[in-house]
1. Within the bounds of the stretch 49-65, is there any residue that is over 16 Å from the mean Cα position of the chain (by Cα), assigned to a strand (DSSP E or B) and among the hydroxyl-bearing types (Ser, Thr, Tyr)?
2. Scanning for something at pLDDT 95 or above, closer than 16 Å to Glu133 by Cα and surrounded by 20 or more Cβ atoms within 10 Å (Cβ to Cβ), does the stretch 25-45 turn up at least one residue?
3. So, of the residues in the stretch 121-133 that are more than 16 Å from the chain's Cα centre (by Cα) and either at pLDDT below 95 or aromatic (Phe, Trp, Tyr) (or both), which turns out to be surrounded by the fewest Cβ atoms within 10 Å (Cβ to Cβ)?
4. Which of the residues spanning the stretch 1-43 are closer than 16 Å to Ala76 by Cβ and touching a Gly at 6+ places or on another chain (Cβ under 8 Å)?
5. What's the number of the only condition in (1) more than 14 Å from the chain's Cα centre (by Cα); (2) closer than 18 Å to Glu133 by Cα; (3) among the small types (Gly, Ala, Ser) that Ser3 fails to meet?
6. Taking the stated definitions as given, is Thr126 part of a strand (DSSP E or B) and of a type outside the set (D, E, K, R)?
7. Limited to the stretch 71-120, what total is found for residues that are under 16 Å from Cys40 (Cα atoms), of a type in the set (Ser, Thr, Tyr) and buried (at least 16 other Cβ atoms within 10 Å of the Cβ)?
8. On the basis of being among the acidic types (Asp, Glu), more than 11 Å from the chain's Cα centre (by Cα) and within 17 Å of Met122 (Cα to Cα), does Asp38 make the cut?
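The values are calculated or read from the model by the stated rules, or taken from the named source; none is laboratory data. For clarity, every value in this text was computed on a predicted model and none was experimentally measured. We place every Cβ from the backbone using ideal geometry, glycine too, and count neighbours over all the protein chains shown.
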Amino acid sequence: MSSPAEEIAEMLVDSGASLGLTAIGTDVFVSKMPPSPDACVTLYDTGGIEGDGYPEAATHPMVTVHVRGDVAGYQAAYVLALAIRTYLYSLGEVTTGNYRYFRIWPVNEPLLVGYDRQDRPMLTLTLRTIRTEAGSS
């Protein structure tokens, strides 16, 4: 069983050249942002909201995406966060791993949360999802 953050991280890596992200453990991480590389993306499982009964067995997990840029790399980090937002929203219904995602959509625009101790910009966006086990309807 994979967490939504792990599965969405795989989707980002699978996007190919459109996002420029290469691999989990290289520039995409789950649950803990490492000290390097400077520019990277980390996804966190952040709970969810109550389901509305459609589809019947669906859950509604949420994932927060943190994008860290290089020193003086605010614009590039913002552009990447916006590209991630656009890419995931454009997927529509997708099956990955053991889950079928009916929708992944952003709750907010990229938001600057500040700069870390090395003066690297940190942006975040929150994603809402609807998913079921792949064999469910």
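1. Taking the stretch 49-65 as the starting set, the residues that turn out to be over 16 Å from the mean Cα position of the chain (by Cα) are 49-59.
Remaining after also requiring assigned to a strand (DSSP E or B): 59.
Among the residues that remain, those that are also among the hydroxyl-bearing types (Ser, Thr, Tyr) are: 59.
Yes; the residues of the stretch 49-65 include at least one that is over 16 Å from the mean Cα position of the chain (by Cα), assigned to a strand (DSSP E or B) and among the hydroxyl-bearing types (Ser, Thr, Tyr).
2. no
3. Among them, the one singled out is Glu133.
4. Within the stretch 1-43, Asp38, Ala39 meet the criteria.
5. Of the numbered conditions (1) more than 14 Å from the chain's Cα centre (by Cα); (2) closer than 18 Å to Glu133 by Cα; (3) among the small types (Gly, Ala, Ser), the odd one out for Ser3 is (1).
6. yes
7. 2
8. Values: among the acidic types (Asp, Glu): yes; more than 11 Å from the chain's Cα centre (by Cα): yes; within 17 Å of Met122 (Cα to Cα): yes.
Judged against the criteria, Asp38 is a match.
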